[in-house]
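A quick write-up on the structure given underneath.
The values are calculated or read from the model by the stated rules, or taken from the named source; none is laboratory data. Keep in mind the model is a prediction, meaning the values are calculated, not measured. Cβ atoms come from the backbone with ideal geometry, glycine included; neighbour counts cover every protein chain shown. Accessible surface areas use protein heavy atoms only, side chains included; no ligands, DNA or RNA. Shrake-Rupley method; radii C 1.70, N 1.55, O 1.52, S 1.80 Å.
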Amino acid sequence: MRVRHAAVLGRIAAAARACGRDPAGVGLLAVSKTFDAGAVLALADCGQRDFGENYVQEALAKRTEVGDRWRLRPARRPEQLDPPVWHFIGPLQSNKTRPIAETFDWVHSVDREKVARRLSEQRPASLAPLQVCIQVDVSGEATKSGCAPEDVPALARIIAGLPRLRLRGLMAIPAPADDPVLQRAQFARVREVFERLLDEGLPVDTLSMGMSADLEAAIAEGATIVRVGTAVFGERPKKEAVS
Ligand SMILES: *Cc1c(COP(=O)(O)O)cnc(C)c1O
């Protein structure tokens, strides 16, 4: 795992340099869905801080176990002292927002007003505001999740006004494409929506896009967070858990 993690960090740095960007401007979100608490702790020992989860039940159990074992660990190097930061990146059902609002640090997949309002209402006052990205659907595949690009600015203004949320930017999961030119074209559409938010004066700083197969194209189009599972942890079991 240490070797794969270092290789992914190397890919990110090379992709950033190739387009004249500072590698420090691209963060790695390690997508730990289907992998257990032991895998998360092992990667945390490699210095990885941010972890992404898709399924609520799986994430809650894992988060509890990681937290318990974290407290019992022997002292580590200073850069490993901070506990993991948890990002929810899966589809959101409006009747399942509460545990997410109560336990996650970030949510990347907000795509409608109802979900945003619930997350804000349910975010405990004792915690920092929930860091939020709007999931934008640039593939136009009529998939279940993702806000249509033309509806993003209105949703962004609503989220920016909610007291317990902090709008950070956009997230996208484009349709898989083998051709880097097609990959870049889709990420470019996300960047255009992002630039529109900047033009409107919205305080966004995050573009969450790019996975194991297309992170280079995403970085070339401005990604600030790449969400990588397979390339860090290895192949997932074929049948994924359901939430
Ligand atoms: C699983 C998943 C990833 C990681 O995918 P890999 O191809 O394994 O890198 C990234 N983002 C989301 C939303 C995912 O569900």
> Residues of the stretch 2-233: accessible area per residue at 1.4 Å, in Å²?
Replying inline: 45
> Where the centroid of each part is defined by its Cα atoms, how far is the stretch 110-162 from the stretch 217-239 in Å?
Replying inline: 22
> So for Val66, Val85, what's the accessible-area order with a 1.4 Å probe, most first?
Replying inline: Val85, Val66
> Heavy-atom accessible area of His5 with all protein chains present, probe 1.4 Å, nearest 10 Å²?
Replying inline: 10
> For the stretch 227-234, in order, what is each residue's ³J(HN,Hα) by Karplus, 6.51 cos²θ - 1.76 cosθ + 1.60 with θ = phi - 60°, in whole Hz (x at glycine and Pro)?
Replying inline: 9, 10, x, 3, 5, 9, 9, x
> Got a number for the accessible area of Met171? Probe 1.4 Å, square angstrom, nearest 10.
Replying inline: 0
> What dipole magnitude, in Debye to the nearest 20, does the chain give about its Cα centre under +1 on Lys/Arg Cβ and -1 on Asp/Glu Cβ?
Replying inline: 740
> Which number comes out as Rg/Rh for the stretch 1-115 once both Rg and the Kirkwood Rh are worked out on C-alpha atoms?
Replying inline: 1.00
> Can you put Asp22, Asp214, Asp205 in order of accessible area, largest first, using a 1.4 Å probe?
Replying inline: Asp22, Asp205, Asp214
>> Quick check on the chain: helices-only [θ] at 222 nm, where DSSP H runs of length 4 and up contribute -39,500 (n - 2.57) each and the sum goes over total residues. Nearest 500, please.
In response: -12000 deg cm²/dmol
> What's the FRET efficiency of Ala148 with Arg117 using the Cβ-Cβ distance as r and R₀ = 22 Å, to the nearest 0.05?
Replying inline: 0.70
> If we sort 67-74, 185-192, 118-125 on the protection proxy, mean other Cβ atoms within 10 Å, highest first, what's the order?
Replying inline: 185-192, 118-125, 67-74
>> Can you give me the % of accessible surface on the stretch 2-233 that is carbon or sulfur? Probe 1.4 Å, all protein chains present, nothing else counted.
In response: 53
> With each label point set 7 Å from Cα along the Cα-Cβ vector, what nm distance links Glu192 and Ala61?
Replying inline: 4.4
> Lys/Arg Cβ at +1, Asp/Glu Cβ at -1, dipole of the stretch 2-233 taken about the Cα centre: which of Pro99, Ala220, Cys147 is farthest positive-ward?
Replying inline: Pro99
>> Can you tell me, using C-alpha contacts under 8 Å and at least 6 residues apart, the relative contact order of the chain as a whole percent?
In response: 21
